[in-house]
1. Keeping to the range 260-270, report how many residues are surrounded by fewer than 18 Cβ atoms within 10 Å (Cβ to Cβ) and touching a helix residue (DSSP H, G or I) at 6+ places or on another chain (Cβ under 8 Å).
2. Can you give me the ranges of the strands (runs of 3 or more DSSP E) entirely in the range 192-271 with at least 2 residues that are in contact with a strand residue (DSSP E or B) (Cβ under 7 Å, 6 or more places away or on another chain)?
3. Restricted to the range 59-88, and to residues that are free of Cβ contacts under 8 Å to residues at least 40 places away in the same chain and farther than 15 Å from residue 20 by Cα, which residue is surrounded by the most Cβ atoms within 10 Å (Cβ to Cβ)?
4. Picking from 116, 140, which residue would you name as being in contact with a helix residue (DSSP H, G or I) (Cβ under 8 Å, 6 or more places away or on another chain) and either modelled with pLDDT of 95 or more or not assigned by TED's automatic domain parsing to the domain that holds residue 77 (or both)?
5. For the range 165-180, state whether one or more residues are outside any helix (DSSP H, G or I) and either touching a strand residue (DSSP E or B) at 6+ places or on another chain (Cβ under 6 Å) or within 28 Å of residue 259 (Cα to Cα) (or both).
6. Pull up the range 89-106, narrow it to residues that are without any contact (Cβ under 8 Å) to a residue 24 or more places away in the chain and either in contact with a strand residue (DSSP E or B) (Cβ under 7 Å, 6 or more places away or on another chain) or over 16 Å from residue 26 (Cα atoms) (or both), then point me to the one that is surrounded by the fewest Cβ atoms within 10 Å (Cβ to Cβ).
7. Among the candidates 19, 25, 32, which residue alone is surrounded by 22 or more Cβ atoms within 10 Å (Cβ to Cβ) and either within 29 Å of residue 160 (Cα to Cα) or without any contact (Cβ under 8 Å) to a residue 60 or more places away in the chain (or both)?
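The values are calculated or read from the model by the stated rules, or taken from the named source; none is laboratory data. Note that this is a predicted model, so its numbers are computed, not measured. Don't worry about glycine lacking a Cβ; one is built from the backbone with ideal geometry, like all the others, and counts go over all protein chains shown.
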């Protein structure tokens, strides 16, 4: 940790009275847990703190304290703006358009592009919520029971319950610390990783019937029609990618999710040693070595063909060179 930077952030937060915290579109557990956890820590000093998600709060996370107060646009007259868990400004949607740069950006993505006045980016840390678990006390703030519950949600979400290859002992120790602050580990784990609705199960079913595998790549698709058939209300994959990536025999797993705006959300997962963030970057996205994504304009079929073709070429290059590097077009 950079102690001088921590001191600067502490001074700025102490002086701020009306703070806005913004997360990314299609929010997941890490961005939600980070945003709400930091908000609860800041509110202990009677500051006004507003949380903003352009897409609103997913039903899955309404159990978190403060979830019902999240807005979908930035209110006027704030004096400090924080963005969490966003690798670039485009990931926040349109909510920051026309506004000054964020005062503070907190993130852990390997492909992060700077866009704030202060960049607090630690790509070696497993989750943004884990960065905050370590940093909140350094910034002179207190982790309350409510903050601990939210932060634990973020850590469990991005480590898939400590099952990712990047998970290190410090993450488990942080979870234990959050339990001591009052977080109910069993309840948070159940709600974050285990509970599924009937609609989610039906949505999964649509994707599972379309699994394909070739050249150490496993992939599937979720179309808009699949969403209608299953009556799933979200615009994400309902965490199907985590199930697909658990299937043995593949080096890379890819999931294509069709969106209503002519965009296809592509998610990659990989085994250790295969850097899918390089692939995602080629398509305008980013992420981590073993988990990355991109949002691509075009038809579902066309994008699927392009992405699978380039992923195959990437794996071929790895086999030939033994190097983790981008493929040239």
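1. Filtering the range 260-270 for residues surrounded by fewer than 18 Cβ atoms within 10 Å (Cβ to Cβ) gives 260-263.
Retained after the next criterion (residues that are touching a helix residue (DSSP H, G or I) at 6+ places or on another chain (Cβ under 8 Å)): 260.
Summing the residues that are surrounded by fewer than 18 Cβ atoms within 10 Å (Cβ to Cβ) and touching a helix residue (DSSP H, G or I) at 6+ places or on another chain (Cβ under 8 Å) in the range 260-270 gives 1.
2. Of the strands (runs of 3 or more DSSP E) lying wholly inside the range 192-271, those with at least 2 residues that are in contact with a strand residue (DSSP E or B) (Cβ under 7 Å, 6 or more places away or on another chain) span 217-222, 252-258, 263-270.
3. Ranking the qualifying residues of the range 59-88, first place goes to 62.
4. 140
5. No, every residue in the range 165-180 fails to be outside any helix (DSSP H, G or I) and either touching a strand residue (DSSP E or B) at 6+ places or on another chain (Cβ under 6 Å) or within 28 Å of residue 259 (Cα to Cα) (or both).
6. Just the residues of the range 89-106 that are without any contact (Cβ under 8 Å) to a residue 24 or more places away in the chain, to begin with: 90, 97-98, 100-101, 105.
Checking the rest, the ones that are also either in contact with a strand residue (DSSP E or B) (Cβ under 7 Å, 6 or more places away or on another chain) or over 16 Å from residue 26 (Cα atoms) (or both) come to 97-98, 100-101, 105.
Details: 97: 9, 98: 6, 100: 8, 101: 14, 105: 26.
Taking the candidates together, the pick is 98.
7. Details: 19 fails: either within 29 Å of residue 160 (Cα to Cα) or without any contact (Cβ under 8 Å) to a residue 60 or more places away in the chain (or both); 25 fails: surrounded by 22 or more Cβ atoms within 10 Å (Cβ to Cβ).
Only one candidate qualifies: 32.
Yes/no matrix, rows are residues, columns are (1) touching a residue at least 60 places away in the same chain (Cβ under 8 Å); (2) in contact with a helix residue (DSSP H, G or I) (Cβ under 7 Å, 6 or more places away or on another chain); (3) not in a helix (DSSP H, G or I):
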site: 273; (1), (2), (3): no, no, yes
site: 277; (1), (2), (3): yes, no, no
site: 284; (1), (2), (3): no, no, yes
site: 289; (1), (2), (3): yes, yes, yes
site: 294; (1), (2), (3): no, yes, yes
site: 302; (1), (2), (3): no, no, no
site: 306; (1), (2), (3): no, no, no
site: 311; (1), (2), (3): yes, yes, no
site: 319; (1), (2), (3): no, no, no
